[in-house]
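Take a look at the structure below.
The values are calculated or read from the model by the stated rules, or taken from the named source; none is laboratory data. What you see is a predicted model, and the numbers here were worked out from it, not measured in a lab. Every residue, glycine as well, gets a Cβ built from its backbone with ideal geometry; the counts of neighbours run over all protein chains shown.
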Amino acid sequence: MVRIIGMLVGLFFSGWMLVTFVLGATEFVTNPPAETAEHKFHLKPKKVAFPSDGPLGKFDNQQLQRGFQVYKEVCAACHSLRLVAFRNLQDIGYNEDEVKAIAASWVIETPSVDPATGEASSRPSLPADKFPKPFANDIAAAAANNNAIPPDLSLITKARKGGAPYIYSLLTGYQDTPEDLPEANQPGPGLHYNPYFPNLNLAMASPLASEDMVSYSDGTQASIDQMAKDVSAFLVWSAEPKLVERHQTGWAVIAFLLIATILAYLSFRTIWADVKAEKKKKGAEG
(Lines give C-alpha, C1' and ligand atoms only; values in the text may rest on other atoms or scores of the structure.)
Protein backbone atom coordinates (compact mmCIF):
# COMPACT_ATOMS: atom_id res chain seq x y z
CA MET A 1 0.00 0.00 0.00
CA VAL A 2 2.80 2.42 0.92
CA ARG A 3 4.59 1.58 -2.29
CA ILE A 4 1.47 2.31 -4.35
CA ILE A 5 0.96 5.66 -2.62
CA GLY A 6 4.62 6.53 -3.25
CA MET A 7 4.23 5.70 -6.93
CA LEU A 8 1.10 7.84 -7.20
CA VAL A 9 2.84 10.78 -5.52
CA GLY A 10 5.80 10.39 -7.85
CA LEU A 11 3.54 10.30 -10.90
CA PHE A 12 1.69 13.38 -9.67
CA PHE A 13 4.88 15.42 -9.28
CA SER A 14 6.26 14.18 -12.60
CA GLY A 15 3.04 15.19 -14.35
CA TRP A 16 3.03 18.54 -12.59
CA MET A 17 6.62 19.26 -13.67
CA LEU A 18 5.82 18.25 -17.26
CA VAL A 19 2.76 20.50 -17.39
CA THR A 20 4.78 23.39 -15.91
CA PHE A 21 7.53 22.91 -18.48
CA VAL A 22 5.07 22.79 -21.38
CA LEU A 23 3.24 25.91 -20.17
CA GLY A 24 6.54 27.77 -19.67
CA ALA A 25 7.83 26.79 -23.11
CA THR A 26 4.53 27.83 -24.70
CA GLU A 27 4.66 31.20 -22.95
CA PHE A 28 8.26 31.74 -24.06
CA VAL A 29 7.38 30.97 -27.70
CA THR A 30 4.21 33.04 -27.81
CA ASN A 31 5.52 35.94 -25.72
CA PRO A 32 9.34 35.95 -25.98
CA PRO A 33 11.23 38.34 -23.68
CA ALA A 34 11.88 41.77 -25.07
CA GLU A 35 15.19 42.01 -26.92
CA THR A 36 17.55 44.39 -25.16
CA ALA A 37 19.76 46.81 -27.02
CA GLU A 38 22.81 44.82 -25.93
CA HIS A 39 21.40 41.71 -27.64
CA LYS A 40 20.17 43.52 -30.74
CA PHE A 41 23.25 45.58 -31.48
CA HIS A 42 25.99 43.43 -29.96
CA LEU A 43 28.00 41.55 -32.58
CA LYS A 44 29.92 38.30 -32.32
CA PRO A 45 33.68 38.42 -32.97
CA LYS A 46 34.74 38.50 -36.58
CA LYS A 47 36.18 35.37 -38.13
CA VAL A 48 39.92 35.80 -38.32
CA ALA A 49 42.67 33.17 -38.50
CA PHE A 50 45.99 33.20 -36.68
CA PRO A 51 49.04 30.99 -37.28
CA SER A 52 48.72 29.62 -33.74
CA ASP A 53 45.17 28.32 -34.31
CA GLY A 54 44.42 24.61 -34.19
CA PRO A 55 46.33 21.61 -32.86
CA LEU A 56 49.13 22.15 -35.38
CA GLY A 57 49.32 25.89 -34.81
CA LYS A 58 52.68 27.64 -34.47
CA PHE A 59 53.69 31.19 -33.71
CA ASP A 60 54.98 33.42 -36.48
CA ASN A 61 57.84 35.26 -34.74
CA GLN A 62 57.89 38.00 -37.35
CA GLN A 63 54.21 38.70 -36.66
CA LEU A 64 54.79 38.53 -32.89
CA GLN A 65 57.58 41.11 -33.17
CA ARG A 66 55.28 43.39 -35.14
CA GLY A 67 52.60 42.88 -32.51
CA PHE A 68 55.05 43.72 -29.76
CA GLN A 69 55.93 46.91 -31.60
CA VAL A 70 52.23 47.87 -31.67
CA TYR A 71 51.95 47.12 -27.96
CA LYS A 72 55.07 49.14 -27.22
CA GLU A 73 54.14 52.19 -29.28
CA VAL A 74 50.36 52.21 -28.85
CA CYS A 75 49.09 50.05 -25.99
CA ALA A 76 51.81 50.31 -23.33
CA ALA A 77 50.88 53.89 -22.45
CA CYS A 78 47.74 52.61 -20.71
CA HIS A 79 47.87 48.80 -20.48
CA SER A 80 50.28 46.79 -18.37
CA LEU A 81 51.83 43.44 -19.21
CA ARG A 82 52.73 42.48 -15.67
CA LEU A 83 53.22 38.73 -16.17
CA VAL A 84 55.78 39.07 -18.96
CA ALA A 85 59.47 39.80 -18.41
CA PHE A 86 61.70 41.54 -20.94
CA ARG A 87 63.84 38.42 -21.26
CA ASN A 88 60.78 36.48 -22.45
CA LEU A 89 61.09 38.43 -25.69
CA GLN A 90 63.94 36.10 -26.66
CA ASP A 91 61.23 33.48 -27.22
CA ILE A 92 59.86 35.49 -30.14
CA GLY A 93 63.17 35.99 -31.89
CA TYR A 94 64.96 38.88 -30.19
CA ASN A 95 68.56 38.22 -29.22
CA GLU A 96 70.08 39.01 -25.84
CA ASP A 97 71.53 42.37 -26.83
CA GLU A 98 68.22 43.48 -28.36
CA VAL A 99 66.37 42.52 -25.19
CA LYS A 100 68.83 44.50 -23.07
CA ALA A 101 68.36 47.53 -25.32
CA ILE A 102 64.56 47.25 -25.21
CA ALA A 103 64.55 46.98 -21.41
CA ALA A 104 66.98 49.85 -20.88
CA SER A 105 65.13 52.19 -23.25
CA TRP A 106 61.63 51.42 -21.97
CA VAL A 107 59.85 54.72 -21.35
CA ILE A 108 58.56 53.73 -17.93
CA GLU A 109 61.31 52.77 -15.52
CA THR A 110 61.11 49.92 -13.01
CA PRO A 111 60.17 50.96 -9.47
CA SER A 112 63.06 50.62 -7.05
CA VAL A 113 64.42 51.90 -3.74
CA ASP A 114 67.31 54.28 -3.35
CA PRO A 115 69.88 52.24 -1.36
CA ALA A 116 71.35 55.41 0.14
CA THR A 117 68.13 56.95 1.47
CA GLY A 118 65.64 54.08 1.43
CA GLU A 119 63.21 56.27 -0.50
CA ALA A 120 61.17 55.05 -3.44
CA SER A 121 62.80 55.67 -6.79
CA SER A 122 63.05 54.09 -10.21
CA ARG A 123 65.76 52.70 -12.46
CA PRO A 124 66.17 51.57 -16.07
CA SER A 125 64.75 48.11 -16.56
CA LEU A 126 66.81 44.95 -16.85
CA PRO A 127 65.98 41.85 -18.92
CA ALA A 128 64.93 40.03 -15.73
CA ASP A 129 62.35 42.71 -14.88
CA LYS A 130 58.67 42.41 -15.70
CA PHE A 131 57.21 45.13 -17.89
CA PRO A 132 56.59 48.07 -15.54
CA LYS A 133 53.02 49.30 -15.03
CA PRO A 134 52.11 52.56 -16.78
CA PHE A 135 50.36 53.87 -13.64
CA ALA A 136 51.41 53.83 -10.00
CA ASN A 137 48.05 52.44 -8.84
CA ASP A 138 44.42 51.94 -9.88
CA ILE A 139 43.41 55.40 -8.68
CA ALA A 140 45.92 57.03 -11.00
CA ALA A 141 44.88 54.71 -13.83
CA ALA A 142 41.19 55.56 -13.41
CA ALA A 143 41.89 59.28 -13.16
CA ALA A 144 43.71 59.21 -16.49
CA ASN A 145 41.13 57.07 -18.29
CA ASN A 146 37.67 58.51 -17.63
CA ASN A 147 37.30 56.51 -14.38
CA ALA A 148 37.95 53.22 -16.20
CA ILE A 149 40.95 51.11 -15.21
CA PRO A 150 42.70 49.70 -18.31
CA PRO A 151 42.98 45.92 -17.92
CA ASP A 152 46.30 44.15 -17.83
CA LEU A 153 46.91 42.47 -21.18
CA SER A 154 49.06 39.54 -20.06
CA LEU A 155 46.18 37.04 -20.13
CA ILE A 156 43.57 39.09 -21.98
CA THR A 157 43.03 36.55 -24.79
CA LYS A 158 42.32 33.92 -22.13
CA ALA A 159 40.24 36.19 -19.93
CA ARG A 160 37.87 37.41 -22.66
CA LYS A 161 35.37 35.16 -24.38
CA GLY A 162 36.30 34.94 -28.02
CA GLY A 163 40.03 35.23 -27.38
CA ALA A 164 42.16 36.80 -30.09
CA PRO A 165 39.25 37.24 -32.57
CA TYR A 166 37.45 39.27 -29.91
CA ILE A 167 40.48 41.51 -29.36
CA TYR A 168 40.88 41.95 -33.12
CA SER A 169 37.17 42.71 -33.55
CA LEU A 170 37.19 45.21 -30.71
CA LEU A 171 40.20 47.07 -32.13
CA THR A 172 38.67 47.26 -35.60
CA GLY A 173 35.04 47.60 -34.54
CA TYR A 174 34.63 51.24 -33.56
CA GLN A 175 31.64 52.74 -35.40
CA ASP A 176 29.36 55.73 -35.43
CA THR A 177 26.45 55.35 -33.03
CA PRO A 178 23.39 53.89 -34.84
CA GLU A 179 20.46 56.26 -35.12
CA ASP A 180 18.03 53.69 -33.71
CA LEU A 181 20.14 52.93 -30.62
CA PRO A 182 17.93 53.50 -27.53
CA GLU A 183 18.74 56.59 -25.55
CA ALA A 184 19.60 54.48 -22.49
CA ASN A 185 22.42 52.88 -24.48
CA GLN A 186 23.77 56.03 -26.07
CA PRO A 187 27.45 56.64 -25.28
CA GLY A 188 27.84 59.00 -22.37
CA PRO A 189 30.56 61.63 -21.97
CA GLY A 190 33.95 60.10 -22.72
CA LEU A 191 32.48 56.80 -23.98
CA HIS A 192 32.77 55.31 -27.46
CA TYR A 193 30.37 53.04 -29.32
CA ASN A 194 31.68 49.60 -30.22
CA PRO A 195 29.22 46.78 -31.03
CA TYR A 196 31.78 44.10 -30.12
CA PHE A 197 31.95 45.30 -26.51
CA PRO A 198 29.32 43.62 -24.27
CA ASN A 199 27.53 46.82 -23.20
CA LEU A 200 28.28 48.58 -26.51
CA ASN A 201 30.16 51.53 -24.98
CA LEU A 202 33.66 51.68 -23.56
CA ALA A 203 35.94 54.35 -22.22
CA MET A 204 38.86 53.47 -24.49
CA ALA A 205 38.91 55.49 -27.68
CA SER A 206 39.98 53.69 -30.81
CA PRO A 207 43.69 53.01 -30.19
CA LEU A 208 44.31 52.25 -33.87
CA ALA A 209 42.61 55.35 -35.19
CA SER A 210 44.73 55.73 -38.32
CA GLU A 211 47.02 53.72 -40.54
CA ASP A 212 50.81 53.75 -40.27
CA MET A 213 50.73 54.58 -36.56
CA VAL A 214 53.84 52.42 -36.32
CA SER A 215 56.62 51.84 -38.82
CA TYR A 216 57.28 48.12 -39.09
CA SER A 217 60.95 47.29 -39.34
CA ASP A 218 60.22 44.44 -41.77
CA GLY A 219 58.51 46.79 -44.22
CA THR A 220 54.99 45.43 -43.71
CA GLN A 221 52.26 47.98 -44.41
CA ALA A 222 50.87 49.04 -41.03
CA SER A 223 47.18 49.15 -41.91
CA ILE A 224 44.64 49.19 -39.09
CA ASP A 225 43.67 45.62 -39.92
CA GLN A 226 47.31 44.48 -39.94
CA MET A 227 48.16 46.19 -36.65
CA ALA A 228 45.06 44.71 -35.00
CA LYS A 229 45.97 41.19 -36.18
CA ASP A 230 49.59 41.54 -35.12
CA VAL A 231 48.94 42.83 -31.61
CA SER A 232 46.20 40.20 -31.14
CA ALA A 233 48.69 37.48 -32.13
CA PHE A 234 51.24 38.93 -29.72
CA LEU A 235 48.68 38.83 -26.90
CA VAL A 236 47.96 35.18 -27.70
CA TRP A 237 51.66 34.53 -27.11
CA SER A 238 51.76 36.57 -23.90
CA ALA A 239 48.83 34.56 -22.53
CA GLU A 240 50.26 31.18 -23.56
CA PRO A 241 53.94 31.41 -24.48
CA LYS A 242 54.37 27.61 -24.31
CA LEU A 243 51.54 26.92 -26.76
CA VAL A 244 53.78 25.34 -29.41
CA GLU A 245 55.51 23.12 -26.85
CA ARG A 246 52.11 22.08 -25.51
CA HIS A 247 50.99 21.13 -29.00
CA GLN A 248 54.15 19.10 -29.56
CA THR A 249 53.78 17.34 -26.22
CA GLY A 250 50.14 16.58 -26.96
CA TRP A 251 50.95 14.93 -30.28
CA ALA A 252 53.75 12.90 -28.66
CA VAL A 253 51.35 11.71 -25.95
CA ILE A 254 48.73 10.77 -28.55
CA ALA A 255 51.33 8.80 -30.53
CA PHE A 256 52.49 7.02 -27.35
CA LEU A 257 48.92 6.14 -26.36
CA LEU A 258 48.17 4.86 -29.86
CA ILE A 259 51.23 2.61 -29.90
CA ALA A 260 50.53 1.42 -26.34
CA THR A 261 46.93 0.61 -27.30
CA ILE A 262 48.06 -1.43 -30.31
CA LEU A 263 50.61 -3.33 -28.22
CA ALA A 264 48.05 -3.97 -25.50
CA TYR A 265 45.56 -5.29 -28.05
CA LEU A 266 48.16 -7.60 -29.64
CA SER A 267 49.16 -8.86 -26.19
CA PHE A 268 45.50 -9.50 -25.41
CA ARG A 269 45.06 -11.50 -28.61
CA THR A 270 48.23 -13.53 -27.94
CA ILE A 271 47.36 -14.34 -24.32
CA TRP A 272 43.76 -15.30 -25.03
CA ALA A 273 44.78 -17.32 -28.08
CA ASP A 274 46.86 -19.55 -25.76
CA VAL A 275 44.00 -19.79 -23.25
CA LYS A 276 41.48 -20.73 -25.93
CA ALA A 277 43.86 -23.32 -27.36
CA GLU A 278 44.33 -24.83 -23.90
CA LYS A 279 40.57 -24.97 -23.30
CA LYS A 280 40.01 -26.52 -26.70
CA LYS A 281 42.68 -29.15 -25.99
CA LYS A 282 41.15 -30.04 -22.61
CA GLY A 283 37.72 -30.29 -24.20
CA ALA A 284 39.02 -32.69 -26.84
CA GLU A 285 40.71 -34.86 -24.20
CA GLY A 286 37.52 -34.94 -22.09
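Given the condition buried (at least 18 other Cβ atoms within 10 Å of the Cβ), outside any loop (DSSP other than H, G, I, E, B) and among the hydrophobic types (A, V, I, L, M, F, W, C), answer yes or no: does some residue in region 177-196 qualify? Taking every residue of region 177-196 in turn, none turns out to be buried (at least 18 other Cβ atoms within 10 Å of the Cβ), outside any loop (DSSP other than H, G, I, E, B) and among the hydrophobic types (A, V, I, L, M, F, W, C). Please specify each residue of region 78-110 satisfying the condition of being loosely packed, with under 15 Cβ neighbours inside 10 Å, hydrophobic (A, V, I, L, M, F, W, C) and touching a residue at least 12 places away in the same chain (Cβ under 8 Å). Once the filter is applied, which keeps residues that are loosely packed, with under 15 Cβ neighbours inside 10 Å, hydrophobic (A, V, I, L, M, F, W, C) and touching a residue at least 12 places away in the same chain (Cβ under 8 Å), region 78-110 yields Ala104, Val107. For Leu235, the criteria (1) part of a helix (DSSP H, G or I); (2) more than 24 Å from the chain's Cα centre (by Cα); (3) of a type outside the set (Asp, Glu); (4) within 25 Å of Asn88 (Cβ to Cβ) hold in every case but one, which is (2).
Checked against the criterion of being among the basic types (Lys, Arg), over 20 Å from His42 (Cα atoms) and assigned by TED's automatic domain parsing to the domain that holds Ala144, the candidates Lys280, Lys229 yield just one match: Lys229. A single member of Ser232, Ser238, Ser217 is surrounded by fewer than 11 Cβ atoms within 10 Å (Cβ to Cβ), of a type in the set (S, T, N, Q) and in contact (Cβ under 8 Å) with a residue 40 or more places away in the chain, and it is Ser217.
Can you confirm whether region 241-257 contains a residue that is surrounded by 13 or more Cβ atoms within 10 Å (Cβ to Cβ) and modelled with pLDDT of 90 or more? The answer is yes; a qualifying residue exists. For region 113-132, a residue qualifies if it is of a type in the set (D, E, K, R) and out of contact with any Leu (no Cβ under 9 Å at 6 or more places or on another chain), and the qualifying residues are Asp114, Glu119, Arg123, Asp129.
With the condition being at pLDDT 95 or above and either outside the structural domain of Leu171 (by TED's automatic domain parsing) or not polar (S, T, N, Q) (or both), I'd like the helices (runs of 4 or more DSSP H) fully within region 23-138 carrying at least 2 qualifying residues. Steps first, please.
Numbers: elements: 37-41, 61-70, 96-104.
Once the helices (runs of 4 or more DSSP H) in region 23-138 are filtered for at least 2 residues that are at pLDDT 95 or above and either outside the structural domain of Leu171 (by TED's automatic domain parsing) or not polar (S, T, N, Q) (or both), what remains is 61-70, 96-104.
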